[in-house]
1. Which condition from (1) loosely packed, with under 14 Cβ neighbours inside 10 Å; (2) within 14 Å of the ligand (Cβ to nearest atom) is the one that PRO28 breaks?
2. Could you identify the single residue in GLY110, GLY130 that is farther than 26 Å from PRO28 by Cα and either modelled with pLDDT of 95 or more or among the small types (Gly, Ala, Ser) (or both)?
3. Pull up the stretch 67-87, narrow it to residues that are part of a loop (DSSP other than H, G, I, E, B) and crowded, with 16+ Cβ neighbours inside 10 Å, then point me to the one that is farthest from the ligand (Cβ to nearest atom).
4. Just the residues that are within 11 Å of the ligand (Cβ to nearest atom) and either within 16 Å of ASP34 (Cα to Cα) or at pLDDT 90 or above (or both), please, taken from the stretch 113-127.
5. In this structure, is LEU38 among the aliphatic types (A, V, I, L, M), away from the ligand (no atom under 16 Å from the Cβ) and within 23 Å of the chain's Cα centre (by Cα)?
6. So GLU475 passes all but one of these: (1) at pLDDT below 80; (2) surrounded by fewer than 19 Cβ atoms within 10 Å (Cβ to Cβ). Which condition number does it fail?
7. How many residues does the stretch 250-263 contain that are of a type in the set (A, V, I, L, M, F, W, C) and more than 16 Å from GLY199 (Cβ to Cβ)?
8. Just to be sure before I move on: is LEU64 surrounded by 18 or more Cβ atoms within 10 Å (Cβ to Cβ) and away from the ligand (no atom under 12 Å from the Cβ) in the structure I sent?
Amino acid sequence: VEGIGDVLGQRAAEKGLELTCYVDPQVPTRLRGDPGRLRQMLLNLAGNAVKFTDRGEVTVEAGLVKETAERATIRFEIKDTGIGIPNDRQALIFDRFTQVDGSTTRKYGGTGLGLAIVRRFVEMMGGTIGLESEEGKGSAFHFTTECKVQKKSAFEIPDPGVVNVEGLPVLVVDDSPTSRRLLSEMVTGWGMRPSSASGGDSALEIMQGAKQDGREFELAIIDARMPEMDGFALVEEINRRDDLYQPTVIMLTSAGKVGDGARCRELGISGYLMKPAKKSDLWDAIMIALGNPPNEGKERDLITQHSLRENRRSLRVLVAEDSPVNLKLITRLLEKRGHTVESAGTGRKILRSLEKRPFDLILMDVQMPEMDGLEATAAIREGEKATGEHIPIVAMTAHAMKGDRERCLDAGMDAYVSKPVRAGDLFETIERVVPATVRSGFGMPPEDDGSEVIDWTGAFTHFEGDVELLKEIAEMFLEESPLIMDKIKDALSRGDRNALERAAHTVKGSVGNFAAKPAIQAAQRVEQIGRDGNMGEAEEAYRALEAELERLKPALAALGRDKK
Ligand code: ADP
């Protein structure tokens, strides 16, 4: 239901319509049904509602009708304030090729098939569909579906490091050479040792040979649709053969068929993913399959894209940032939201980390040693051409550099946040580029007038009210600032513009954490002088910065004492 907003939100906004999607908290979420078809039905009805409404609102709602230990009946309602449907046409509207009148087709297009399909699906799902509508006022379509209730939490995604796949022998079976190569490269990057087979017979042969060499396959990734012996037949054969080691099986398919899920469960297959499988989905599926071996008599749920999405509460974020203070801040903010963070200090390290395991998001500083953010992004996007994947990359850019932002987007990044990174800003951006993450519910930071040494509201907002973290960062700053001021002094005495600019930039970033406006401005001035080379003014600007830091220090030091 909430996904509808992602798909239709834009179109509704362009028409000036309010689109609301709401799931009553009573509705159980661990259900078994057909999420793909359900989405199609909702999109069809909500799409119509947006199409036939010129002003007002469209709402999509789900509520619980009845729940027993085994089954839940859910009612969906899609309401609009559009043109409505005349009484005498309401009974016919679910028939194929029916449209209210020929002129609607001319004005709105369409085939008249959508509602007929929705009705058919509703009936297949054991529900009923209905409609209330008044011409000129609007329409409300509603339908029910019956779903099975899942008994328990389906499975856990193990923490990183729990399952060790280093050197794990994996069998990849696929008739497509490209797909074989991509899969083998992927798992090799994760440290596994793949062998590949182009079909069922050669797979069985390889397994037999492996057994003789004492190098049994713990894991098999098998294509479902292959000529001659298909994936299911192969697994059936493996199951039958007592002489073979029984690997954990993940099945990949390019076209799902009704009944495939049941067949997978019957055959003891752990995961069933659509091709091309996203790197992160395949990784998670492998981790879950190897990390939670099925117990005797206890059925583990089949791992699919849908069940992965449901179970994935947090994101794996790769943060590329070379300043320890900023890295600590960002890491804490993300971890507080339940996300897991890995860091890399240079562009090259990012690429290496990405090879080792998949991530859902990269936060990337633009200025980094060795290989900067733009180059690293270009390299990542180039590598993705082979797989068709797209990992969201958010740039972290300095405030002043307007041109930088365009360059970030041109280089293939998806969005940017300004440094110093603010919690509200960060989570809003993450939500935009990685839809369906936990809602942040975070407001905009308040305005400040810039006269105070530290804008406490700004600083607390920035640290999400985490006073402990604020204190820690303040301590780090108090320790580090003399060193960095020495660097500035040194750069001045040598007349080294570049070093001056870099050091001042670092100070600006650090004081930015505390929303210390006057100090930020003083640092910015030194940075600018370094950039422009007006070294005549440098001495004075340095003194001004020093004075601001002196003013700032007692305020930060006081944190340790009274801001408990
Ligand atoms: P299509 O939209 O492709 O024509 P549908 O089966 O989805 O086919 O809809 C059939 C007809 O029902 C539409 O052409 C339109 O006349 C009418 N209709 C459907 N939904 C609405 C709605 N929300 N408001 C007004 N009319 C609607």
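The values are calculated or read from the model by the stated rules, or taken from the named source; none is laboratory data. Only a predicted model underlies this, so the values are computations on that prediction, with no experimental measurement involved. Glycine gets a Cβ as well: all are built from the backbone with ideal geometry, and neighbour counts include every protein chain shown.
1. If we test PRO28 against (1) loosely packed, with under 14 Cβ neighbours inside 10 Å; (2) within 14 Å of the ligand (Cβ to nearest atom), just (2) comes out false.
2. Numbers: GLY130 fails: farther than 26 Å from PRO28 by Cα.
Only one candidate qualifies: GLY110.
3. THR81
4. Of the stretch 113-127, the ones within 11 Å of the ligand (Cβ to nearest atom) are 113-119.
Within the stretch 113-127, ILE117, VAL118, ARG119 qualify.
5. yes
6. (1) is the only condition that GLU475 fails.
7. Residues that pass the stated criteria total 4.
8. Working: surrounded by 18 or more Cβ atoms within 10 Å (Cβ to Cβ): no; away from the ligand (no atom under 12 Å from the Cβ): yes.
Answer is no for this residue.
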